[in-house]
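Below is one structure, written out as structure tokens, with a few remarks after it.
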Amino acid sequence: MRGKTIWNMLWEVLSPILLYILLSVILTGILEMVFPVLLEPENSMWLLTLVNAFQIPVFLLLYRRQRVRTAVSLAAANRRQPAWKKSFGVKELFLAALGGILLARGFNGLIGLTPLPRLFPAYETVSETLYQGSLLSQVMASVVTASVLEETLMRGLIYEWLRGFFSDLRPAVVAGALIFALFHGNVVQGAYAFFIGLYFVWLYEAYGSLLPAILAHAAANASSVLLEQTGWLDALYEDLPLYLALTALCLAAGAFCWSRVKLSRQGKRDRTGENAWKF
């Protein structure tokens, strides 16, 4: 750890989450007063969409400030922050999104084989809330706005700070994924969020950009919304051998996509030495 106490870490980690909770409560109250129609259960996802959308600029601004603080901190310690040219293109973004889909289905299938869903059924209430309303409202809430907001909060703010707090990258990665798991508020979704969170952290660490992680997060959420709406794999749960085979296939294919993402922040530098990280 780099000259900071555990209290520094707790405050830096908790303050963005507390701000998120505070803004969510305030915005929800205001929107419900201004637009009473949002109180209807079928409009709950539109309400979530609006709450997320209003928060995104706030956390993007905080993210930009966090990057400046990181650069200043490294400069004060006589350490240069890696400067990057754009190190990903369409191929890398496609693999990131595909990996998000495959790992989401694989991790969900794997958790379904454990006793967790039976021991902790509280996740079903959350799922019912997330998957009610129109398909468009679910896409806007879970796929479009939630992926941007959560990645900015979890990877852009919390993980970015953790990687500056720990001298070793590994505890920062694990701690970032664990906080993402706790953020989901129940054991089943938390277990899933921990594993998929490791992948999102890896993408952010590899490319120094939120964009690949956002696309992977959006793709993972989109696959869940699509399957919930279509019931396409419902019959799978009644055929254990097929369930096991598809879960293993998704995990293997997702692991392949993951393996193509190289941790390479020690790679190319531009000639100016200026921070060239992209959103």
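Points to keep in mind about this one:
- Between Arg65 and Leu240, the contour length at 0.36 nm per residue exceeds the alpha carbon distance by 58.0 nm.
- Accessible area per residue in Å² at 1.4 Å probe, computed on the chain: 53
- Of all accessible heavy-atom area on the stretch 173-264, the percent that carbon and sulfur account for (1.4 Å): 71
- Ordering of 14-24, 91-101, 106-116 by packing [mean C-beta count within 10 Å, highest first]: 91-101, 106-116, 14-24
- Computed from the C-beta positions of Ile56 and Glu32, the FRET efficiency with R₀ = 25 Å rounds to 0.80.
- Relative to the globular-protein estimate of 2.2 N^0.38 Å, the Cα radius of gyration of the stretch 102-203 stands at 1.14.
- Annotation: peptides 59-70, 141-152, ranked by per-residue average of other Cβ atoms within 10 Å with the highest first, follow the order 141-152, 59-70.
- Between Ser24 and Leu263, the simple label model (points 7 Å from Cα in the Cβ direction) yields a spacing of 3.0 nm.
- The chymotrypsin sites (Phe, Trp or Tyr not before Pro) of the stretch 139-232 meeting both criteria, a DSSP state outside H, G, I, E and B (loop) and at most 11 other C-beta atoms within 10 angstrom of the site's C-beta, are Trp232.
The values are calculated or read from the model by the stated rules, or taken from the named source; none is laboratory data. The structure presented is a predicted model; accordingly, all values stated were derived computationally and were not measured. So basically every Cβ, Gly included, is an ideal-geometry build from the backbone, and we count neighbours across all protein chains shown. We work out accessible area using only protein heavy atoms, side chains counted, and drop any ligands, DNA or RNA first. Shrake-Rupley method; radii C 1.70, N 1.55, O 1.52, S 1.80 Å.
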